[in-house]
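What follows is a short report on a single structure.
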Amino acid sequence: MDPRLPGPLHELALHQLGVLTRRQLLEGGLTQAQLRTRLGREWRLVLRGVVLLSNGVPSEQQRLMAALLFAGPRSWLAGSSARAVHGIAGRAVSNPIQALVPAPLRARAHAWVLVRNTTLLDEPIYRRGPLRLSCPARAAVDAAAAAPSDEQARAVLVAAAQSRKARLSDLARRRDAALDPLATTLGPGADRDGLSRGAGVRGARECRGDPTRPLAGSSTRHATVVLGRP
């Protein structure tokens, strides 16, 4: 970390994995001239208004931190990005990094970050160091809803249940969030294997395009995946 940073700013940079916003840097004591001098020489602008305090390639954790700083202080990692941080299905973080913000904050996309808004605010927010992210159940369900095929969607849910990253009851509770296009509905079934054999998640995946409403004609029935009870 740059030892020339003022003390409080240095501590903040350590906490945020070497990623700060322009605003944080300026409010922390740097002048506009100092910031301009270091950008392009020692530091990199990795997203609009977000600065990496090195001129190298950001690590995975730094990219996640940068995405949250871009999305704002009320944001959290979601979908496949949160799933990767939780270690569900053994997938690495991929682009676009996905984040959620509470409505009515606006949805937007920039570079390798996709920010959606949501009215589903009753889910717990987890923390991994400085990172904020969806709970494992919501991360798995949202990632499944965005999967390109039913088979891949089921694989995500199977991995979440079998690894015990998410309890079956928590996954099943997502059926109450059927109006969220990033969510699927999970209902009780006969056994765990029902996930890989049972009804598809096509309805949930078809709803993923609009962050505020389901597609016309979509229904809870079409978004049901059979989950067994332990």
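The values are calculated or read from the model by the stated rules, or taken from the named source; none is laboratory data. All figures in this text were calculated on a predicted structure; none of them were measured in a lab. FYI the Cβ positions are ideal-geometry reconstructions off the backbone, even for glycines, and counts take in every protein chain you see. Just so you know, the surface numbers come from the protein's heavy atoms only, side chains and all, with ligands and any DNA or RNA stripped out. Shrake-Rupley method; radii C 1.70, N 1.55, O 1.52, S 1.80 Å.
From the list R63, R127, which residue is open to solvent by 40 Å² or more (accessible area, probe 1.4 Å), outside any loop (DSSP other than H, G, I, E, B) and either in contact with a Gly (Cβ under 9 Å, 6 or more places away or on another chain) or under 18 Å from A166 (Cα atoms) (or both)?
Just one listed residue meets the conditions, R127.
Test S94 against the criterion of being within 19 Å of D142 (Cα to Cα), under 26 Å from the mean Cα position of the chain (by Cα) and not in a helix (DSSP H, G or I), and give yes or no.
Spelling it out, S94 is indeed within 19 Å of D142 (Cα to Cα), under 26 Å from the mean Cα position of the chain (by Cα) and not in a helix (DSSP H, G or I).
Closer than 29 Å to L157 by Cα, among the aliphatic types (A, V, I, L, M), outside any loop (DSSP other than H, G, I, E, B) and open to solvent by less than 20 Å² (accessible area, probe 1.4 Å): is that true of A99 in this structure?
Answer is yes for this residue.
Considering only the range 66-91, state which residues are within 30 Å of R41 (Cβ to Cβ) and not in a loop (DSSP other than H, G, I, E, B).
Of everything in the range 66-91, those that are within 30 Å of R41 (Cβ to Cβ) and not in a loop (DSSP other than H, G, I, E, B) turn out to be A66, A67, L68, L69, F70, A71.
In the range 9-23, which residues are assigned to a helix (DSSP H, G or I) and within 19 Å of R127 (Cβ to Cβ)?
Selection gives E11, L12, A13, L14, H15.
For every residue, the table says whether it meets (1) closer than 29 Å to A160 by Cβ; (2) surrounded by 16 or more Cβ atoms within 10 Å (Cβ to Cβ); (3) at pLDDT 95 or above.
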site: A13; (1), (2), (3): no, yes, yes
site: L17; (1), (2), (3): yes, yes, yes
site: G40; (1), (2), (3): no, no, no
site: V50; (1), (2), (3): no, yes, yes
site: P73; (1), (2), (3): yes, no, yes
site: A78; (1), (2), (3): yes, yes, yes
site: A82; (1), (2), (3): yes, yes, yes
site: G90; (1), (2), (3): yes, no, no
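Check whether at least one residue in the range 135-146 is touching a strand residue (DSSP E or B) at 6+ places or on another chain (Cβ under 9 Å), under 19 Å from V50 (Cα atoms), of a type in the set (V, I, T) and surrounded by 15 or more Cβ atoms within 10 Å (Cβ to Cβ), and report yes or no.
No, there is no match, as no residue in the range 135-146 is touching a strand residue (DSSP E or B) at 6+ places or on another chain (Cβ under 9 Å), under 19 Å from V50 (Cα atoms), of a type in the set (V, I, T) and surrounded by 15 or more Cβ atoms within 10 Å (Cβ to Cβ).
Which residue is nearest to P102 (Cα to Cα), if the candidates are limited to the range 153-185 and must be open to solvent by 80 Å² or more (accessible area, probe 1.4 Å) and either in a helix (DSSP H, G or I) or modelled with pLDDT of 90 or more (or both)?
D176
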